[in-house]
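Undergrad: Encoded as structure tokens, here's the structure I'll be asking about.
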Amino acid sequence: MAFARLRRFGAPVGILGVVAAVSLAGLGSTPRLGAVALAAGTAVSPVTITVRLDARGEGSFTLRGGLADGGRASARRAVVSRRMNATVTLSGAKGRIVLTSQQRCADGTGAWRVVTGTLAYAGMTGRGTLSGRVRCTRPFGATRTVHRGSADIPPPALARSGAWGGATVQGSVITFTVAPDGRAVADVLVTRYSYECIRSDGQRSAGFAPTVSRLPGPFPIAEDRSFSLKLTPGTLNGRFGPSGVAGTIVVAHPLPPNIQGQTSTCSATIPWTATNPPASAPRALVGTYCGFSAAGGGVCIDVTGSGREVRNLRAEAKITCGLIAKIPVSVPVAYDQPIPFGLDLSFRQSFDLTFEGMTIRATVSGTFDPSGGLVGTVSLPTLTLVRDGRQHSCRGNGGFTARLQR
């Protein structure tokens, strides 16, 4: 439809040009200025575009200057207040550019600017002046216009934009997003990870990240497609490749001095990988998990058919009242609502329960492993209960382990 109107209006007048290459290899015989501009993402100047159109508004264009291109041109135009207004589409070897121009009919000069572009021209901007005699009355004859100016070439994307996700070799989850321009990482999430700390004196010990890391960023991607950011503890390093991103979490920190006052350092490296789009979220084995707390109370909880949530918590929290009396007390804990998993098969939920006329805020949390194991905690606040006619402060250890029941 647009081309039909284009032909009806006849030959157009002005066009503008802006060009970019996807890679240095795509520049061909482009002068060195173009290669430097493409790598640095700076403006290319000067740019000269010559457009030749026949009476139907179709023809060809050539681009010279910092970059080189050529191909088919088509346009539509209208005369308003003795000015020729034109919308021109340039279809070159590397993509398509749409530009507008306005030209005074009397002296044949005007201005142009880039409206939009596709493929290698996506995100291009540019503007300048144009020259060339045009007829402002129908029939609009053939025209030759020359556009001079500059074009801004955005740097090439270094990674695929969108959501990325993966895990460490131990199964800790890593997610992040790549910005629309493909040159920065943001919204980084790293769940708690464990590592083997190798001391500088040769001894080995276990270490773990104390919290989940949530880092908004953005963090720039270097020209070699690598990026790096600080975690607690350690540094997350990654590099984008053809099939995804691979990297390491590197831990290196000093350790407290030993009894002889000697200091040492802890070093560890944890490999990880991620893909775009992320792999589907992990699922726990479906069924009922039962076990015991460190204080001896029983715990059961169900994983629903989706493998992505738990419900029906039933637990007996064992607490001890009084530092001297050490009176044992059992607190029944139940919660039947669904609790969704996090990205690493972990869950956490706080809720109210009633015990001996008091409202208690309880918290249940845990993490499943793919083989049917569960490590968790049922936590209660410190309570004050009356026993033997006296008030006692009560507390307990709510940590538990459980296994899938077959």
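The values are calculated or read from the model by the stated rules, or taken from the named source; none is laboratory data. In this text, all values refer to a predicted model and were calculated from it rather than measured experimentally. Note: ideal-geometry Cβ built from the backbone for every residue, glycine included; neighbour counts use all protein chains shown.
Undergrad: I need every pair where a residue in segment 340-362 that is without any contact (Cβ under 8 Å) to a residue 40 or more places away in the chain has its Cβ under 8 Å from the Cβ of a residue that is among the basic types (K, R) and in a strand (DSSP E or B), sequence separation at least 6 or different chains.
TA: S350/R361; F351/R361; D352/R361
Undergrad: Looking only at segment 309-331, which residues are in contact with an Asp or Glu (Cβ under 6 Å, 6 or more places away or on another chain) and either of a type in the set (D, E, K, R) or under 24 Å from S393 (Cα atoms) (or both)?
TA: Of everything in segment 309-331, those that are in contact with an Asp or Glu (Cβ under 6 Å, 6 or more places away or on another chain) and either of a type in the set (D, E, K, R) or under 24 Å from S393 (Cα atoms) (or both) turn out to be R311, S330.
Undergrad: Residues P156, P139: which one is within 30 Å of Y121 (Cα to Cα) and either small (G, A, S) or modelled with pLDDT under 90 (or both)? Walk me through how you get there before you give the answer.
TA: On the way: P139 fails: within 30 Å of Y121 (Cα to Cα).
Going through P156, P139 in turn, the sole match is P156.
Undergrad: For G171, indicate whether it is under 23 Å from T191 (Cβ atoms), assigned to a loop (DSSP other than H, G, I, E, B) and not assigned by TED's automatic domain parsing to the domain that holds D369.
TA: Values: under 23 Å from T191 (Cβ atoms): yes; assigned to a loop (DSSP other than H, G, I, E, B): yes; not assigned by TED's automatic domain parsing to the domain that holds D369: yes.
Criteria met by G171.
Undergrad: Here's a follow-up. Please find, within segment 112-122, the residue that is modelled with the lowest pLDDT out of those that are of a type outside the set (V, I, T) and surrounded by fewer than 17 Cβ atoms within 10 Å (Cβ to Cβ). Step through it out loud before you land on a result.
TA: Going residue by residue through segment 112-122, those that are of a type outside the set (V, I, T) are 112-113, 117, 119-122.
Among the residues that remain, those that are also surrounded by fewer than 17 Cβ atoms within 10 Å (Cβ to Cβ) are: 113, 119, 122.
On the way: R113: 94, L119: 84, A122: 81.
Going through the qualifying residues, I end up with A122.
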